[in-house]
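Notes for the one structure printed next.
The values are calculated or read from the model by the stated rules, or taken from the named source; none is laboratory data. Bear in mind that the values here come from a model prediction, so they are computed numbers and not experimental data. Cβ placement follows ideal geometry from the backbone for every residue including glycine, while neighbour counts extend to all protein chains displayed.
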Amino acid sequence: MLSSVLRPSTRRLGALAAPLLALATLGLAAPAHATGTLSVSGYCEGEGNSVFTCDATASGGSGNYAYQWTPQGFSGIIAGQGTPSLYSHCPPSTADRVNLTVTDLTTGATGTDQFGFYCYVIAP
């Protein structure tokens with residue numbers, strides 16, 4: 001009896017496959033979030049006076065994303081943790097990097113990227 005409970009039922013598998021088969025027959029693809037694929041891109045740049053900004057874009061998945069910025073070699077995020085845009089302090093006259101992990105809150109898929117930039121000070 002236990003083995004019949006653990007074996008997948010053909011009826012259940014058929015019920016799951018039917019909607020995907022119908023989409024394929026119509027020439028339509030399954031929604032992006034069904035694949036779990038998540039792409040991340042963006043950039044960071046020094047803005048002068050020991051601050052920098054970053055902007056990122058995530059695509060694929062459900063569209064319901066969480067952003068986790070991790071500055072390397074310095075601290076002091078001013079604003080933007082959890083959002084696609086970051087504003088932060090940086091040591092003047094240094095080249096540095098920021099890591100970004102984006103998580104799809106619906107599917108659990110993640111995407112990562114790393115952005116480099118140069119931090120500078122504008123002379124008065």
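The single condition among (1) within 26 Å of Gly116 (Cα to Cα); (2) at pLDDT below 85 that Thr10 does not meet is (1).
The residues of region 43-89 that are closer than 22 Å to Thr107 by Cα and buried (at least 16 other Cβ atoms within 10 Å of the Cβ), listed by number, are Ala56, Ala58, Gly60, Gly61, Ser62, Tyr65, Tyr67, Trp69, Pro84. Just to be sure I understand the filter: pairs with C-beta atoms under 8 Å, separated by 6 or more residues or on different chains, first member in region 105-124 and without any contact (Cβ under 8 Å) to a residue 12 or more places away in the chain and closer than 26 Å to Ala66 by Cβ, second member assigned to a loop (DSSP other than H, G, I, E, B) and of a type in the set (Phe, Trp, Tyr). Which pairs pass? Hits for this filter: zero, empty list. Just so you know, in region 81-104 the residues that are in a strand (DSSP E or B), of a type in the set (Ser, Thr, Tyr) and modelled with pLDDT of 95 or more include one that is farthest from Pro71 (Cα to Cα), and it is Thr103. So, of the residues in region 78-97 that are in contact with a Ser or Thr (Cβ under 7 Å, 6 or more places away or on another chain) and of a type in the set (A, V, I, L, M, F, W, C), which turns out to be farthest from Thr37 (Cα to Cα)? Checking each candidate, the answer is Cys90. Can you find even one residue in region 90-99 that is within 15 Å of Gly42 (Cα to Cα), out of contact with any Pro (no Cβ under 7 Å at 6 or more places or on another chain) and surrounded by 15 or more Cβ atoms within 10 Å (Cβ to Cβ)? Checking region 90-99: not a single residue is within 15 Å of Gly42 (Cα to Cα), out of contact with any Pro (no Cβ under 7 Å at 6 or more places or on another chain) and surrounded by 15 or more Cβ atoms within 10 Å (Cβ to Cβ). Scanning region 50-100 for residues that are in contact (Cβ under 8 Å) with a residue 60 or more places away in the chain and farther than 22 Å from Ala123 by Cα, we see that the one that is farthest from the chain's Cα centre (by Cα) is Cys54. Being closer than 14 Å to Ser41 by Cα and touching a Leu at 6+ places or on another chain (Cβ under 9 Å): is that true of Asp113 here? So Asp113 fits the description; yes.
Per the listing Thr112, Thr103, the residue uniquely buried (at least 18 other Cβ atoms within 10 Å of the Cβ) and under 14 Å from Ala58 (Cα atoms) is Thr103.
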